[in-house]
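Comments concern the structure below.
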Amino acid sequence: MANRQNSENEFQRAQQVIPGGVNSPARAFGGVGGTPVFIDRGEKQYLFDIDGNRYLDYVGSWGPHILGHNHPAIVGALEAALPSGTSFGAPTVRESELAELIVDAVPSIEKVRMVNSGTEATMSAIRLARGYTGRDGVVKFAGCYHGHVDSLLVQAGSGALTLGTPSSPGIPEGCTRDTHVLEYNDVESLIQLFSEAGEKIACVILEPVVGNMGVVAPTTEFLKALRPLCTQHGAVLIFDEVMTGFRVAFGGAQERFGITPDLTTLGKIVGGGLPVGAYGGKTEIMNSVSPVGPVYQAGTLSGNPLAMASGVATLRTLKESNPYPQLEEKTTKLVSGLDEIATSLGIPHSVAQVGSMFTFFFNPEPVTSFAVSAKNDTEKFSKYFHGMLDRGVYLPCSQFEANFVGAEHTDEDLEQTLKAAREVLQEISTS
Ligand code: PMP
């Protein structure tokens, strides 16, 4: 097993001054146990830890690094931008460049506002939908994560139509009183909710491909039902494409599936590894945002010049190189390899893939909703995760996350990953 003593020491140190030693809980290895790996640097498809170990990375900073770490176009753009200054709090040309790239790429976006994270994007989109419609109701789906927005941190109640209760202390019940939680892919409940409370619903928000309960694809029936139901009842349809944007296709899930939402939230890839989020949509709705309209939303560092430079370089590179067909091919190869190995070893499992997002579930049922995902065998996953880590493969440290294949992953990398997986799954099958 690789020596990770420096990470052990640094984790002890970090825990003295940072809650849990981490600045975002998903990094803490909470679900799998053990010590998080402290990263020294990233290069292409690799991460290097502070003990000098090298890992093949399938996390990509939880999505942004579709082009791999330290991509020369992004580094070059940052180096070019840096000498001019880091923040002005005044308009810059790069903001329009990134906005134009987004508007060109994402079918439903006519106007877009930059923010600093995915959470800010979804929070702002919800406020805008409520302000625009003059209604309070929000519909979300169990297992979809939209950042740590008060009104969206909600657990499903017992029945499909129950109103949400906060899933974190510190969120007053009033914040979630108007949030309805339904099961993903459950068209009937959505129809029923609209028929009972349609005139109160401001918006329906969803991950058009879920990454946050492991990868869960939408059924065609579900996706097709959303658009007309929202239109019929005057509700704003919000695609949270923070993860899927520029990932499952250049124009995101809406391009891939041919469904046009009213608003879209973006993050991750749009900033190329710097803190950027964005929300955009129809001009008519976006014109409700201040200073044009009355819905207030602002940000001291929004449209930050370094973040914009990184985003512009990322989107331009993706547009020019169109890595999407190869990404999908590589991911299919990896996922079918994992499926074959697990099948041959008799390990109960299922796999899910959309584009370059995938999850290997320790769950024999195809995962279509949170109710099914909740049955994943997380103990087996922990063994799998640590076995892979010890063999130099860095996976998301939770069964309820998406793995990402990037443009820098080679066929050899995939072979190496499958070889490691065969060894680890073999151990699991005999333990
Ligand atoms: N929406 C989705 C779909 C996400 O996956 C995430 C983060 N994983 C967010 C919103 C929140 O983004 P951030 O962590 O940048 O606030």
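Any read-out appearing in this document is the output of simple, stated calculations on the displayed coordinates, not a laboratory observation. Please read these numbers as outputs of a predicted model, since none were measured by experiment. Backbone-built Cβ (ideal geometry, glycine too); neighbour counts: all protein chains shown.
With 10 angstrom as the radius, rank Cys144, Cys203 by how many other C-beta atoms surround their C-beta, starting from the fewest.
Placing the least packed residue first, the sequence is Cys144, Cys203.
Provide the percentage of antiparallel DSSP beta bridges, counting only those with both residues in the chain; round to the nearest 5. Working shown, then result.
Details: 28 of 47 bridges.
Antiparallel bridges: around 60 percent, rounded to the nearest 5.
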**Fill in**
With Cα springs under 10 Å, the Gaussian network model of the chain assigns the largest mean-square fluctuation among His180, His65, His233 to His233
**Fill in**
Non-local residues with an amide H under 5 Å from the amide H of Lys282, with H modelled 1.01 Å from N and Pro and chain starts lacking one, are Glu110
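Calculate how large, on average over all directions, the projected area of the Cα convex hull of the chain is; give the answer in nm² to one decimal.
Average of the hull's projected areas for the chain equals 20.4 nm².
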**Prompt:** Based on the Cα atoms of the range 92-321, what semi-axes does the equivalent ellipsoid have, where each is the square root of 5 times one gyration tensor eigenvalue, given in whole Å with the largest first?
**Reply:** 28, 19, 16
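Rounding to the nearest 20 debye, state how big the charge dipole of the chain is about its Cα centre with +1 on each Lys and Arg Cβ and -1 on each Asp and Glu Cβ. Intermediate results must be reported in sequence, preceding the final value.
Details: 31 positive and 47 negative charges, 115 e Å.
For this selection, approximately 560 debye.
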**Complete:** The farthest towards the positive end of the charge dipole of the range 1-143, of the residues Gly68, Ser108, Asn6, given +1 on Cβ of Lys and Arg and -1 on Cβ of Asp and Glu, is Ser108
**Item:** Whole-Hz ³J(HN,Hα) from phi, Karplus 6.51 cos²θ - 1.76 cosθ + 1.60, for the range 364-378, glycine and proline x
**Value:** x, 7, x, 8, 10, 7, 5, 4, 7, 4, 4, 8, 4, 7, 6
**Prompt:** Can you tell which of Asp390, Asp411, Asp178 shows the greatest fluctuation in a Gaussian network model of the chain with Cα springs below 10 Å?
**Reply:** Asp411
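Given a cut-off of 19 Å, name the pairs among Lys383/Lys419; Lys224/Lys333; Lys140/Lys224; Lys330/Lys419; Lys333/Lys383 whose C-alpha atoms lie farther apart than that in the structure shown. Don't jump to the answer; show the numbers that get you there.
Numbers: Lys383/Lys419 16 Å; Lys224/Lys333 29 Å; Lys140/Lys224 17 Å; Lys330/Lys419 16 Å; Lys333/Lys383 23 Å.
Listed pairs above 19 Å: Lys224/Lys333; Lys333/Lys383.
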**Prompt:** Can you pull out the chymotrypsin sites (Phe, Trp or Tyr not before Pro) in the range 53-148 that DSSP calls coil and that have at most 13 other Cβ atoms within 10 Å?
**Reply:** Phe88
**Request:** Please report, to two decimal places, log10 I(q)/I(0) for the range 157-288 at q = 0.09 Å⁻¹ as given by the Debye formula with identical point scatterers on the Cα atoms and no solvent.
**Result:** -0.28
**Message:** Can you tell me which lysines have their Cα less than 17 Å from the Cα of Lys111? Leave out same-chain residues fewer than eight positions away.
**Reply:** Lys282
**Prompt:** DSSP beta bridges in the range 92-321, what fraction antiparallel, as a percent rounded to 5?
**Reply:** 45
**Request:** Give me the number: length gained by fully extending Val103 to Glu43, i.e. 0.36 nm times residue separation minus the C-alpha to C-alpha distance, one decimal in nm.
**Result:** 18.6 nm
**Complete:** For Glu415, Glu79, Glu10, ascending order of other Cβ atoms within 10 Å (fewest first) is Glu79, Glu415, Glu10
**Prompt:** Stretch Leu301-Gln5 to full length: gain in nm at 0.36 nm per residue minus the Cα-Cα span?
**Reply:** 102.8 nm
**Item:** Rounded to whole Hz, the Karplus (6.51, -1.76, 1.60) HN-Hα couplings of the range 81-86, x for glycine and proline
**Value:** 7, 4, x, 7, x, 9
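Hey, fewest Cβ within 10 Å first, where do Lys319, Lys111 land in order?
On the way: Lys319 13, Lys111 18.
Listed from fewest to most nearby Cβ atoms, that is Lys319, Lys111.
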**Asked** With the chain treated as a Gaussian network of Cα nodes joined by springs under 10 Å, which of Glu379, Glu188, Glu412 yields the largest mean-square fluctuation?
**Response** Glu412
